[in-house]
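What follows is a set of notes on a single structure, which appears directly below.
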Amino acid sequence: MFKYTVCFIKNNNDILMLNREKPPIMGVWNGVGGKIEKDESPDEGALREVFEETGIIVDNYFSKGTVSWKSSNGELDGIYVYLYEVSNNLKFETPKKTREGILDWKSIDWLLDPDNFGIADKVSQYLPVLLKEEDIYSLHYNKGKMFIV
């Protein structure tokens with residue numbers, strides 16, 4: 001079981017992103033998320049983190065999965081990833097300053113632009129998979145490339 005979640009909230013053609021003000025992944029756009037608490041499932045942790053960081057209550061994920069990689073000591077590490085789709089009538093004004101950083105809606109086209117270096121490493125590779133279709137994915141990152149396993 002991995003220790004962390006990252007969650008993306010989709011509203012039409014935009015995704016709510018967080019520009020973190022502290023390590024890790026400081027200064028780039030990423031989803032919201034964090035550490036899974038003791039006795040909490042990854043799904044429960046993801047829902048809690050979305051609410052704590054945004055105040056948004058989401059119900060079910062559109063797609064989810066795991067992204068894994070080998071750590072510097074050769075052990076398997078990873079994160080649980082979620083894509084939630086919210087109602088078109090959701091009113092969530094951005095940019096919004098939070099204790100974690102700045103929340104803002106970013107267009108899917110901007111996020112998937114191959115020349116965009118403003119998003120967190122790996123996100124540009126696994127987000128297109130999550131957006132592709134409703135499913136549960138297992139992805140592995142190796143030597144700079146993402147593979148569906």
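Quick look at the numbers
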| read-out | value |
| --- | --- |
| Protection-proxy order for peptides 68-79, 43-54, 112-123, each taking the mean of Cβ atoms within 10 Å per residue, highest first | 43-54, 112-123, 68-79 |
| Cα-centred dipole magnitude for the stretch 1-109, charges only on beta-carbon of K, R (+1) and D, E (-1), debye, nearest 20 | 280 |
| Net charge contributed by nearby residues that have their C-beta within less than 12 Å of E100 (K/R +1, D/E -1) | +1 |
| Value at 222 nm in deg cm²/dmol, rounded to 500, when DSSP H runs of n ≥ 4 in the chain each add -39,500 (n - 2.57) | -5500 deg cm²/dmol |
| DSSP-defined beta bridges in the chain - what % are antiparallel, rounded to 5 | 70 |
| Three-way shape label, the stretch 86-138, alpha-carbon gyration tensor, a/c 1.5 | oblate |
| Separation in nanometres of the label points that stand 7 Å from Cα toward Cβ, at N142 and S87 | 4.5 |
| The stretch 1-53: C-alpha gyration tensor shape, a/c 1.5 cut-off, then a/b vs b/c | oblate |
| Part-to-part distance (alpha-carbon centres) for the stretch 1-57 and the stretch 119-149, which is given in Å | 16 |
| Rounded if a/c under 1.5, otherwise prolate or oblate - the stretch 34-107, Cα gyration tensor axes | prolate |
| Residue-normalised accessible area of the chain, given per residue in Å² at a 1.4 Å probe | 57 |
| Which listed pairs, of K38/K122; K70/K91; K91/K145; K22/K106, have C-alpha distances above 30 Å, in listed order | K70/K91; K91/K145 |
| Rounded percent of accessible protein surface that carbon and sulfur make up, the chain, 1.4 Å probe | 50 |
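The values are calculated or read from the model by the stated rules, or taken from the named source; none is laboratory data. None of the values given here were measured: they were computed from a predicted structure. Backbone-built Cβ (ideal geometry, glycine too); neighbour counts: all protein chains shown. Please note that ligands, DNA and RNA were not included when accessible areas were found on the heavy atoms of the full protein model with its side chains. Shrake-Rupley method; radii C 1.70, N 1.55, O 1.52, S 1.80 Å.
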